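**Q** Before I ask anything, here is the structure I am working with.
The values are calculated or read from the model by the stated rules, or taken from the named source; none is laboratory data. Every value quoted in this text rests on a predicted model; they were computed, and no experiment measured them. In this analysis, Cβ positions are derived from the backbone assuming ideal geometry, glycine residues included, and neighbour counts consider all displayed protein chains. With ligands, DNA and RNA removed, areas are computed over all heavy atoms of the protein, side chains included. Shrake-Rupley method; radii C 1.70, N 1.55, O 1.52, S 1.80 Å.
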Amino acid sequence: QMRLEKDKFTVNLDVKHFSPEELKVKVLGDMIDIHGKHEERQDEHGFIAREFNRKYRIPADVDPLTITSSLSLDGVLTVSAPRKPSDLPERTIPITHEEKPAITGAQRK
């Protein structure tokens, strides 16, 4: 699941069937590429091999160099980055009036 909060961008993925060595997180241009793969192994039902690839577009207000990832004990991979503040308050700039021309030597007609 991807979340875009006011101050950060977060992706959470359940990857409990993969070990940390079987996961890769890459930034490719404006995309985050998350890949997981494990070879065939035995489970309670027989043998299974798993692989997934997920891609997410990086929001325009996120610096790709600030993206980090972490893996929780219960197998949730979190990829996140701070968002640049873009909601600066609007302010009106007062206009002052000067008694002299901006261009010296200009004459009024």
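**Q** Assign unit charges at the C-beta atoms only (+1 for Lys and Arg, -1 for Asp and Glu), then state the dipole size of the chain relative to its Cα centre in Debye, rounded to the nearest 20. Write out the running numbers ahead of the final one.
**A** Numbers: 18 positive and 19 negative charges, 156 e Å.
The dipole magnitude comes to about 760 debye.
**Q** On to the next question. Note down the nm distance, to one decimal, between modelled labels 7 Å out along Cα→Cβ at S72 and at H38.
**A** It is 1.9 nm.
**Q** Same structure again: What Rg and what Dmax come out for the chain when only alpha-carbon atoms are used, in angstroms?
**A** 26.1, 96
**Q** Now, a different point. Tally Lys and Arg at +1 and Asp and Glu at -1 over the other residues with C-beta under 14 Å from the C-beta of D33: what net charge comes out? It would help to have the intermediate numbers written out before the result.
**A** Values: positive: K24, K26, K37, R54, K55, R57; negative: D30, E51.
So the environment of D33 carries a net charge of +4.
**Q** Roll a 1.4 Å probe over the protein chains and send me the accessible area per residue for segment 2-82 in Å². Could the numbers behind the result be given before it?
**A** Working: 5410 Å² over 81 residues.
Result: 67 Å² of accessible area for each residue.
**Q** So which lysines pass the test for K55, namely a Cα distance under 20 Å, with those fewer than 8 places away in the same chain ruled out?
**A** K8, K16, K24, K26, K37
**Q** Run the accessible area of the chain with a 1.4 Å probe and give the carbon-and-sulfur part as a rounded percent.
**A** On the way: 4710 of 9000 Å².
Heavy-atom surface of the chain belonging to carbon and sulfur, 1.4 Å probe: 52 percent.
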